[in-house]
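The values are calculated or read from the model by the stated rules, or taken from the named source; none is laboratory data. Computed from a predicted model, the values in this text were never measured in an experiment. Positions of Cβ are generated from backbone atoms using ideal geometry, with glycine treated the same way; all protein chains shown enter the neighbour counts.
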Amino acid sequence: MAIPSPFLFLLTAIFMLLYLSLLTHSVNPDFHPLMSFKAASDPSDTLAQWNSKTSDPCTWYGVSCLRNRVSRLVLQDLNLTGSIHPLTSLTQLRILSLKRNGFNGPITSLANLTALRLLFLSHNNFSGPFPATLTSLYRLDLSHNSLSGEIPATFNRWTHLLTLRLDSNRFRGRIPSNINLSRLQDFNVSNNLLTGQIPESLSGFPGSAFSHNPSLCGAPLQECIAKGGAIIPALASPLKPRNDTVISKPRGRERIMGVLVLVGIVVGDVLVLGLVSLLLYCYFWRNYSAAAQLRKEEKERSMKMVDEYKGGGMVFLEGVRRFELEELLRSSAELLGKGALGSAYKAVLDDGTVVAVKRLKEVSVGGKKEFHQRMEVLGSLRHSNVVSLRAYCFTKDDKFLVSDYMCNASFSFLLHGRTPLDWTTRLKIAAGAARGVAFIHKHKLTHGNIKATNVLIDVAGNARVADFGLSIFAGASILRSNGYRAPEVSDGRKQTQMSDVYSFGVLLIEMLTGKCPSTVADLPRWVRSVGREEWTAEVFDLELMSYKDIEEEMVALLQIAIECTETEPHQRLRMSHVVKMIEELRRVHMLPCDEGLESLSGSLSIPEASASQ
């Protein structure tokens, strides 16, 4: 039966409408605002990937999405210009970073961006007054622009603010006296034209945060004085004689008295100088004598130790040149670190070979046979992510362990030291450490003391797990809580592989937050107390926030860490699963190169390569 032509036309029209409706709804709502932004700010077509052929903006350079809406826009060092007004339609935007571009004019109102938490607009040419931004921001960086006017007095409503950088602008007037941002961590208003007194609530920040504001005063800068109804710095001025003061030349007797007083002062200074010199001589001579006596006693003790160790000798495993204990004892040594189980040294042998030596002290190792058996087991483990034990020595008074020397220090030193660690390097170290711990577990062993100082970095930038299996020699008093210990271990229960997993989870949290577990009471509990939606602003290391397109990876790794630090051991992941999950993250990361720490070995002066326990 043929369908009448009017019905066929109507049916076709309905299908076309449905198709157009589906097509309209398939376009991401953030597509057109981003294209408008590109048209207005990218005359050089730097963002060539942003075009109608790829209508899904979530795949574009610098764009990250959550639930198919743009949540993160990071476009730095791209010579973009013009206005950012089109971006105010990105209502789900959480992070906006446009550092080091050429944007100009007033900063448009961002009132529509109610989800915005981090805003970085530094090193541009923005002008005009302070923008009417959101009180929900966590980090705001407007430094190195040409903004002017006064800092608004409404800052007390910005209760979440952690970072406020307004340095190198043209702000005038006073800093609002009612500012009381208790959570503020990073603050800088230097290089402006501010005047008056610094509010007491901000006086705890360093002087550099307020420098180059000539009319600004109060702690931590110079004191303020009131002059003509204004508050100004108490500048020192040279003393001038009063107008009615007559200065006349001294007469004869007065001249003689003046000479006698001058002689008395000179003689007094000479006597005081002589007395001080005598005291310093006595002090340093006593210290020199004490130091000489100490060196003499140490030399005698070393000779005595050599005599005692003759015949005992070293037990070598593999991969290291054989040497006599006497050679080890007389080698040049550098203290790397001290721990509850002993001290670690860098030793340079006669032929230039460098090894790490751990001298165990105050440990319960049982008999010589038990110690030898344990060392044979530990020395048999060989893996690219484990520090290999090469030799050991057992005597009545001392126990030495000789292992490979790691020239790039510990993960703790690098993470909390002066060299910022990028995301790729941190992820590489996490993956290597996980493989090392999983390898130890595979051989039915427990590490017992996983922490950042026991993850060492070799010359190629690979993570090496050190000091595994030594906790068996430690007493209960030594294995006290140090921020990494699992709850059951802190309660006195036996260490297991699951307690290792907990410690490794704490290590991951330390890597993500930049916080040392010894300075934060129960780091895993603190992370759990922060809502998932606030992790980006509250939890993650500020150093990581400048890297592009890594928020989802950081969130994923933090979720792994949380699963590792469950209170109940049976609820934690196994290390073999942790390795697979981190390796999957690294595959997703897909960076063109993975140089790691190879470039660091020549620039670091390392004081704690194997400080442990």
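Per the conditions (1) closer than 24 Å to S410 by Cα; (2) at pLDDT 70 or above; (3) among the small types (G, A, S), the sole criterion not satisfied by G367 is (1). Evaluate segment 172-187: report whether one residue or more is within 23 Å of Q76 (Cα to Cα), in the same structural domain as G82 (by TED's automatic domain parsing) and modelled with pLDDT of 90 or more. There is no residue in segment 172-187 that is within 23 Å of Q76 (Cα to Cα), in the same structural domain as G82 (by TED's automatic domain parsing) and modelled with pLDDT of 90 or more. Close Cβ contacts (under 9 Å, 6 or more residues apart or on different chains) running from residues in segment 409-437 that are on the phi > 0 side of the Ramachandran plot to residues that are among the aliphatic types (A, V, I, L, M) and at pLDDT 85 or above comprise A409/L456; A409/I457.
Every residue in segment 486-495 that is in a loop (DSSP other than H, G, I, E, B), surrounded by fewer than 23 Cβ atoms within 10 Å (Cβ to Cβ) and either in contact with a Ser or Thr (Cβ under 6 Å, 6 or more places away or on another chain) or without any contact (Cβ under 8 Å) to a residue 12 or more places away in the chain (or both), please. Within segment 486-495, D491, R493, K494, Q495 meet the criteria. Would segment 97-111 turn up any residue that is surrounded by 21 or more Cβ atoms within 10 Å (Cβ to Cβ), touching a Pro at 6+ places or on another chain (Cβ under 7 Å), farther than 14 Å from P33 by Cβ and not hydroxyl-bearing (S, T, Y)? Among the residues of segment 97-111, at least one is surrounded by 21 or more Cβ atoms within 10 Å (Cβ to Cβ), touching a Pro at 6+ places or on another chain (Cβ under 7 Å), farther than 14 Å from P33 by Cβ and not hydroxyl-bearing (S, T, Y), which makes the answer yes.
How many residues are charged (D, E, K, R), in a helix (DSSP H, G or I) and at pLDDT 85 or above when one looks only at segment 497-548?
4
When segment 128-149 is filtered for residues that are surrounded by 18 or more Cβ atoms within 10 Å (Cβ to Cβ) and touching a Pro at 6+ places or on another chain (Cβ under 8 Å), the ones remaining, listed by number, are F130, P131, L142, L147.
Does S122 fit the bill of being modelled with pLDDT of 90 or more, closer than 24 Å to L542 by Cα and either touching a helix residue (DSSP H, G or I) at 6+ places or on another chain (Cβ under 7 Å) or part of a loop (DSSP other than H, G, I, E, B) (or both)? Against the criterion (modelled with pLDDT of 90 or more, closer than 24 Å to L542 by Cα and either touching a helix residue (DSSP H, G or I) at 6+ places or on another chain (Cβ under 7 Å) or part of a loop (DSSP other than H, G, I, E, B) (or both)), S122 qualifies. Can you tell me how many residues in segment 125-150 are within 28 Å of the chain's Cα centre (by Cα) and at pLDDT 90 or above? Selection size over segment 125-150: 5. Within segment 561-578, the set of residues being in a helix (DSSP H, G or I) and buried (at least 21 other Cβ atoms within 10 Å of the Cβ) comprises A561, C564, M575, V578.
What's the number of the condition L164 fails, among (1) closer than 29 Å to N51 by Cβ; (2) part of a strand (DSSP E or B)? Tallying (1) closer than 29 Å to N51 by Cβ; (2) part of a strand (DSSP E or B), L164 fails exactly one: (1). Scanning segment 496-508 for residues that are touching a Ser or Thr at 6+ places or on another chain (Cβ under 7 Å) and among the hydroxyl-bearing types (S, T, Y) yields T496, Y502. Among residues of segment 103-131 that are without any contact (Cβ under 8 Å) to a residue 40 or more places away in the chain and more than 17 Å from V189 (Cβ to Cβ), those with a beta-carbon under 7 Å from a residue that is of a type in the set (V, I, T) and in a strand (DSSP E or B) at least six positions away or on a different chain give the pairs N104/T81. Of all residues in segment 426-460, those satisfying the criterion of being small (G, A, S), over 20 Å from K580 (Cβ atoms) and touching a helix residue (DSSP H, G or I) at 6+ places or on another chain (Cβ under 7 Å) are G448, A452.
One line per residue, one yes/no per condition, for (1) under 18 Å from V455 (Cα atoms); (2) in contact with a Lys or Arg (Cβ under 7 Å, 6 or more places away or on another chain):
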{"position": "K369", "(1), (2)": "no, no"}
{"position": "E376", "(1), (2)": "no, no"}
{"position": "S384", "(1), (2)": "yes, no"}
{"position": "N408", "(1), (2)": "yes, no"}
{"position": "L415", "(1), (2)": "yes, no"}
{"position": "L421", "(1), (2)": "yes, no"}
{"position": "A431", "(1), (2)": "yes, yes"}
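Among the residues in segment 140-156, are any farther than 20 Å from L542 by Cβ, assigned to a strand (DSSP E or B) and among the polar types (S, T, N, Q)? Yes.
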